[in-house]
Structures are given as C-alpha cells and as structure tokens.
Number of protein chains: 2
Amino acid sequence: MVKVAVLGYGTVGSGVVEVIEKNKEMVSKKAGEELEIKYILDLREFPGDPYEEKVVHDASVIMSDPEVSIVCETMGGTTFAYNYTKAALEAGKSVCTSNKEMVAKFGPELIKMAREHGCNYLFEASVGGGIPIIRPINYSLTAEKIESITGILNGTTNYVLTKMEREGKSFDEALARAQEKGYAERNPEADVEGYDACRKIAILSSLMMGKNVDFEKIPTEGITKITPADFEYAKAAGRTIKLLARAKMIDENSLEAMVSPVMLDRENPLAMVNMVFNAILVKGNMLGEAMFYGKGAGKLATASAVVSDVIDCARHKENAIPCFWDAENAEIVDAGKHVNAYYLRVKKSAKEAVEAVLPGGKLLEIPERTEDVAYFTQPLSRNAFEKICEGLGDLVLGSLCLG
Amino acid sequence: MVKVAVLGYGTVGSGVVEVIEKNKEMVSKKAGEELEIKYILDLREFPGDPYEEKVVHDASVIMSDPEVSIVCETMGGTTFAYNYTKAALEAGKSVCTSNKEMVAKFGPELIKMAREHGCNYLFEASVGGGIPIIRPINYSLTAEKIESITGILNGTTNYVLTKMEREGKSFDEALARAQEKGYAERNPEADVEGYDACRKIAILSSLMMGKNVDFEKIPTEGITKITPADFEYAKAAGRTIKLLARAKMIDENSLEAMVSPVMLDRENPLAMVNMVFNAILVKGNMLGEAMFYGKGAGKLATASAVVSDVIDCARHKENAIPCFWDAENAEIVDAGKHVNAYYLRVKKSAKEAVEAVLPGGKLLEIPERTEDVAYFTQPLSRNAFEKICEGLGDLVLGSLCLG
C-alpha cells in the first residue's frame, strides 16, 4: 500500500482523488500495489465531501508522517507550494505536480533536491495537461538529439484564434465568448499575453537542452493585436494564425526560444490543431518530426497526468527516475538576430514606400479590402524587420512571423 | 559499458548501429553508461563496412557471450528470428525488436520468458516506426482505463489514399506511384490488404486489454476496392477515406477490433493525417483523446525506437520493465454485430430499389455523376447492412463504413 497526500483540494487536486478512486483497479495494477489517499491539505473545510475526514490544515502532519511516500502538489503558486514541496522532498517524499510556474522557476533546484534525498520530482501535468509529453521526451526519445520543439501550448488562445478564424470575430468578441464558455479566465492576461505558454516552453526546452532555460528571458508576445484583417490575408494565402511557443537548439549551450503568433502554412501539422486542443511537435535528428496532440487542460485529464507520475514514483521506490535538467543556464540567442520571413500589413497608400524599403517582398491584395495590402518578406533578421517597420511608422497596420 | 548485439544487418539493423554511433554522447548519457555494438549477426559479409569486424555468422557466439546483455532483433520473420529471440531471453539477455509479426504472434510468450529470466522483451519500434506509442501506453497513460485505440498504422496505404484523394488517381495508378517512390514494395499485398495494420492493432489492443488479441481473428479489409468515385462522394460530404485499424474495449474480456477503410469526417483528427504519416488516437476514460503522430517507417526513425528500448533495458538492468499482456485470449466480438452507419454507392437506376430497403438513408447526388448516386445509412449492424447489399446485388458499386 502506497500512501499519498494531496496538497490543495481545488480543481486538479480533487481530480487526482477522483482518478485514483475511479480507476482504482487499473492504477493499483500499474503501480504494483494499491494507492491510498491519506491526507488532503487545504485551508477550507469540505463538509459532506466523501474525503472530508482526510482533510488537514497543517502541512506538518503530512511532512512528519513517514507512511506518506508521495505528495501531489496541486496548489499552484510559488510561495506556500514551494515551501511544502521542499519540505516533502527533504523528508524523502516524492512530489508530483501540475504547477508549471513552480517547475519553470525552481525545476532544477527541486530535481536536484529530490535526487539528494532519494526521491523524485515529477511534472508530467505541467505541460499539455493530459497529453503525455514530459515522459516521452525523458523516456522515449532517448536515442534522439532533439533539435527543436514547437507547440500550441495554451488552449485559451487557440480557442480565441480558432473563433476569430472561423467566425470572423474580433479578438475582444472571441475572448468574451471564451470567457462565457469557461475557457478563459476573468483576468485572461496570463493566457492572452503568452505568459502561460512561455513557462511551458521553458520547461520543454530545458529538457531538450539538459540545462535551465530561464522563462523570464524568453521573448514573449501574445495575441491581442491580431485582427480579423490578418485572418483574411492568412486565408487568402492558404495559411492560418497560431500562437506558437518555439525552441530550437543552436548548440549545446544555446538556443533560440520565443512565444509569438505565427502566420502558419497549412501543411504544418500544427495548423490543424483547433479550438482548445494543444499539440507539441518535436523534431529529432533521427526521427524527424513527431507530434503529441490532445486537450491541454481540464480537471481529469490534468489529474490523470499527475496520477501517472504517482504511479511512476510507486514503481521506482528505490531508484531516481532520470531527468536531465541542470541548474546551469542555457543561453537564449538575442531575438533580434532570428532570421524569419514576415507578413506585413500596411495602408494601401503606402505601397510605393514599402516596396522601396522591402526588396523582394511578395504583394498580397484582396479585392474587397480597399484600405490595406499585405506583403510576405524575404527572410531577414528581426532587427532589420523592426527597423523597416519603424521607418514606415503609421503606415504599418500589422505584422507577424511566417512559419 | 553495455555490450549490444544486432541480429540482421539490413535496413533497421544498420540504422540501429548508425543511431548508436551518431548520437553516442546522448545515448550514453541517457543509458547511464556507454553502449557498444559487440556483434552483428548476418549471413552476408560486409567488406569495407566500418563494422565489418563485428559481423558474425553464428548466433551461438552471441548467445554464449556473457558480456552481451542486450540483443536487437531486426531480422524480421518468425522462424530464425524466433529461435534467436528465445535463445537470447533464455540466456538472460534482453531483446529489443522492430519485428511486428513476431510481437503479434509470440508477444505474450516472449514477455513471459523475459520475465522468468530476469530480462526484458521490448518492441517500441513494432508499431508506428519512430512515433513513441508502446511506451506512452505502458508508462504514461497508466492512470487511464483506455477505452479505444484507432490508428492510421500503415504509411504505404495512407500515401496511396492521399494521392487518390488529391490527384484523382485510381488505386492502381497511386500504388504504382508509391512503388516508384519506394513507399510500397514490389509485392504490396501485406500493406494494401491491411495485414500490416492488422498486426499492429493486435499489438496495441493487446496492451489496451492486458490480454492477447489474436491478429488472425481481426476482420481485415484493405483498400484495393476504393475508387476515385468514392473520393468524389467523400469530398462532396466533407469527408475523406482512410484505412483505419480500430479497437474498442467492450468489457474486461472482450473488444471490437477491425481493419477497414472508413469514410471519415473531417473533424476527426485522423482525417488530417496525410501521405506516409501515421497517427494513433488513444481514448482514455479520464484523458479523453490524445493523438501520437509522425512518420511510421523509415530506417533511422525505426532504429531510433529500437535504441530507445536498448536504453530502457540498460537503465533497468535489475528490474523487469512492466508490460501487461497476458497469454489469455481476449474475445473479439463478431464483426457482424458491429453497429455503424455506412456509405453505399449504387447505380442511379437503383434509387427506388435502394430506398425501399434502406429507410432513413440520406441521398447524396453529384450533378456531374450521371451513372451513380450514394447514400449514408442510419446506424445498423454489419450483418443487416451486408444482407441489404446482397439483396441489391449488381446495383451496389461500392460501400464503406462511416466514421
């Protein structure tokens, strides 16, 4: 019998309890023995809840109980949750988490601490919800040199962009719709500004590099400036617009990394990922491309990923589960030097001015659009492109990376 | 240092050697120690090959060498390869294979034998080439009750169908093109008749059930009867045609399983899988759907999957790697009882006769097609549908499951 404590009885935490209960037989079979929830830590009371009796308010009860060997951290945040995670690992208890802020910020420290105390710090649920991605990178693509990882890692923004594309909605309308449906939070900043995707690509690219990728250094741009006009041009060019989180290994110590909307070719497998779905495209030097696709959020899907970590810990009581993520920082290449082709939408009256500064740009006109035109540039550095845009000033109406 | 032997120096076998050589540093890091190819078993000589000196013609040299702890079986077939696999496992050497015929036919026996001799029998490369799928099912989706697995598991047929769809080619023309490009073999029967996909879904569904699914009992239909006319109707209805391998758990002991072409709704994520790509859609009771996508074949991709198994064996020297696949046979439900809606293409002159026997069928007409019409039926059992088709005799021009 493996005794488990759950920290935080919110959406994911209660999902963890539900998955362990509903799939008891399967979970026990896979873990090699039965799992039992011994404690649930929460500040609140849950009168009438079937697990009411397991609820405790004092974390030290859990940390000092030698029977508890695995702790699920489903609280979120990096203050209390950080202290509890450290206390659990120091007590030799493995920690399984869905908390991407924590993993992005303190991953290498906590992995190292786990190793020093003969336990594990696992975080399958921190990226892609229920989509298996951390474990496939760590356990399956082991014969590969991973060259790049590109993902649609945020369901909220993908829903908004899909609605804008399919229904011609503005960003604000599509966001309001997402909020009504419960796909976006009241304060949607972390999603629509790309911060959530940024933390997730920091985690994935750290595993790619085997070194730490500091999420605060990843250039991050959200989707708030995308307009229906941009989608019209995308459609006319056989493309779509997606918020991509991208990381590309340059050498052992450095990588390109960024989060930004991209006007994507329809042949790219990520172009077909719509609504709240997420997908991660991993390119290996032997394998070529493999894609992992599914719902990137949701109570039970995310909880299922946490429980898969719990099972992994139960199976590996004596051994550390390999995870290559050192504390040393990988260098993120200056984004100004990224070379890319761009989409540039300008006032129609600016055609001559644009063509003078943008040699080789491909003109895109839509007969119904009388006020603007668009160009697809030749590949150039972001610095060079931004300089051109600055020079054009008010004539520029919108721009996006091409991908 | 872990010493490895490769049985069969053909496409995949030489790929295994290449992956271990090219990604030496990464592979050693992930395995925890260096891997060395000690022997390559092949009947042929390879003068001038950098590994010429490692080639042996007598398997007993490998089996009797206690230094060799891992054997890669990349020979194919189930005669010599079967004897060598057994000999290796009996000598306590783990075996990693890409041989789907072997796994489908002798999987449970070889897994059991490995367990009894303190070693492992792993087969990530047997399904989906380099796409991680066996290990995600065994290690990642462990908190799930997997309810169904549906896959595009054969790149050759998917290429042929994509060419038929995109270029209006006949089956024969598209197949000839695939043969020219090296995507189809000279004798394409195993691919186009669905036998290859059948073995692969037998392997996946055995892991879903934890019991053996006998590939010989899976109703299997290939793509030879599909015509450009069928694609015209598919297009008119916003659908496409894919060869799907499907398994659905009914209860702990029984499942539905089949391989057949399906006229698929465009909203299904498998509908967007084109050319030689494969994809596997796994539905879990907590997760919902997750899809794994990539190139399902190719020398280095397949070899990379074999090497990932080698790394797993090197990491787990002392422990058996869990794999739930008992010898007991799961029951495959009589396909006549499957309930499905169907597409039925008939001579235009047969409209009245069809409508008399097919109440509620939805008529599909294409103005340019003067000789035939099509119907989408209500859901009915396959037995009932086949009876209707028999009654219509020569009036029936084509039919497909809807999915």
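Going from the chain on its own to the full set of protein chains, the range A:200-217 has no residue losing 50 Å² or more of accessible surface (heavy atoms, 1.4 Å probe, no ligands, DNA or RNA).
For the range B:29-118, which whole percent of the accessible surface, found with a 1.4 angstrom probe, sits on carbon and sulfur atoms? Answer for the range B:29-118 is 51 percent, counting heavy atoms of protein chains only. Excluding ligands, DNA and RNA, the accessible surface per residue across the protein assembly as shown is 39 Å² with a 1.4 Å probe. When the inverse distances between all different Cα atoms of the range A:65-140 are averaged and flipped, the Kirkwood radius reads 12.4 angstrom. Each residue was assigned an accessible area with a 1.4 Å probe, and for B:K347 the value is about 80 Å². Based on the Stokes-Einstein relation at 20 °C and a viscosity of 1.002 mPa s, and on the Kirkwood radius from alpha carbon pairs, the protein assembly as shown is assigned a translational diffusion coefficient of 76 µm²/s. Contact with the other protein chains removes 50 Å² or more of accessible area, compared with the isolated chain and a 1.4 Å probe, from these residues of the range B:283-297: B:M286, B:L287, B:M291, B:Y293. Overall form of the range B:29-91: oblate. Here a/c, set by the Cα gyration tensor axes a ≥ b ≥ c, is 1.5 or more, and a/b is not larger than b/c. Taking Cα atoms only, the orientation of helix B:382-392 departs from the longest principal axis of chain B by about 50 degrees.
Anisotropy class assigned to the range A:202-340 is oblate, per the alpha carbon gyration tensor with a/c at or over the 1.5 cut-off and a/b no larger than b/c. Here B:G118 yields copy-to-copy label distances, from shortest upward, of 2.3 nm, the label point defined as 7 Å from Cα along Cα to C-beta. Between identical copies, the spacing of B:M275 label points, each set 7 Å from Cα toward the C-beta atom, reads 2.7 nm from nearest to farthest.
What shape does the range B:266-339 take by its C-alpha gyration tensor, where a ≥ b ≥ c are the square roots of the eigenvalues and a/c under 1.5 counts as rounded, a/b above b/c as prolate, and the rest as oblate? Cα axes put the range B:266-339 in the oblate bin.
Tell me the relative contact order for chain A as a rounded percent, counting alpha carbon contacts under 8 Å between residues six or more apart.
Computed value for chain A: 18 percent relative contact order.
Can you give me the Kirkwood hydrodynamic radius for the range A:302-403, using every pair of distinct Cα atoms, in Å to one decimal? With all distinct Cα pairs of the range A:302-403 included, I get 17.4 Å.
Relative to the dominant Cα principal axis of chain A, helix A:11-22 is inclined by about 50°.
A loss of 20 Å² or more of accessible area (1.4 Å probe, protein heavy atoms, ligands and nucleic acids excluded) relative to the isolated chain is seen in these residues of the range A:301-326: A:A301, A:S304, A:S308, A:I311, A:R315, A:H316, A:N319, A:P322, A:F324.
Within straight-line reach of B:K351, meaning a Cα separation under 20 Å, sit the following lysines at least 8 residues removed in sequence or on another chain: B:K362, B:K387.
Averaged over peptide A:273-279, the number of partner chain Cβ atoms lying within 10 Å of each residue's Cβ comes to 2.
When the C-alpha to C-alpha distance is required to be over 28 Å, the pairs from A:K200/B:K29; B:K100/B:K235; A:K38/B:K145 that qualify are B:K100/B:K235.
Of the solvent-accessible surface of the range A:275-403, computed with a 1.4 Å probe over protein heavy atoms with every protein chain present, carbon and sulfur atoms account for 51 percent.
Applying the criteria of a DSSP loop state and at most 11 other Cβ atoms within 10 Å to the chymotrypsin sites (Phe, Trp or Tyr not before Pro) of the range A:175-275 yields no site. Taking Cα atoms only, the orientation of helix B:80-90 departs from the longest principal axis of chain B by about 50 degrees.
Note on B:E352 and A:N383: their simple-model spin labels are 8.1 nm apart, each label 7 Å out from Cα toward Cβ. Site pair B:D326 and A:E90 shows an inter-label distance of 4.7 nm when each label is modelled 7 Å from Cα along Cα→Cβ. Restriction of the trypsin sites (Lys or Arg not before Pro) in the range B:149-247 to DSSP coil positions whose beta-carbon has at most 15 other beta-carbons within 10 angstrom yields B:K181, B:R186, B:K225.
Within chain A, all pairs of alpha-carbon atoms sorted by distance into 20 Å bins from zero give the percentages 27, 51, 19, 3. Applying 1/(1 + (r/R0)^6) with r as the Cβ-Cβ distance of B:V333 and B:R266 and R0 = 25 angstrom yields a FRET efficiency of 0.30. The GluC sites (Glu not before Pro) of the range A:328-386 that DSSP puts in a loop, and whose beta carbon has at most 15 other beta carbons within 10 Å, are A:E328, A:E365, A:E368, A:E371. Set the Förster radius R0 to 60 Å, insert the Cβ-Cβ distance between B:A236 and A:F80 as r into 1/(1 + (r/R0)^6), and round the FRET efficiency to 0.05. So the FRET efficiency works out to roughly 0.55. For B:K295, the aspartates and glutamates whose Cα comes closer than 16 Å to its Cα, not counting residues fewer than 8 places off in the same chain, are A:E144, A:E267, A:E289, B:E124, B:D191, B:D196.
Label-point spacing at B:Q378 relative to the other copies reads 6.5 nm, in ascending order, each point sitting 7 Å out from Cα along Cα→Cβ.
Remark: accessible area buried at the B-A interface is about 4300 Å², both chains counted, probe radius 1.4 Å.
The values are calculated or read from the model by the stated rules, or taken from the named source; none is laboratory data. Owing to the predicted nature of the structure, the values given are computational and were not obtained by experimental measurement. No Cβ is skipped: glycine too gets one built from the backbone with ideal geometry, and neighbour counts run over all protein chains shown. In case anyone asks, the SASA skips ligands and DNA or RNA and just uses the protein heavy atoms, side chains included. Shrake-Rupley method; radii C 1.70, N 1.55, O 1.52, S 1.80 Å.
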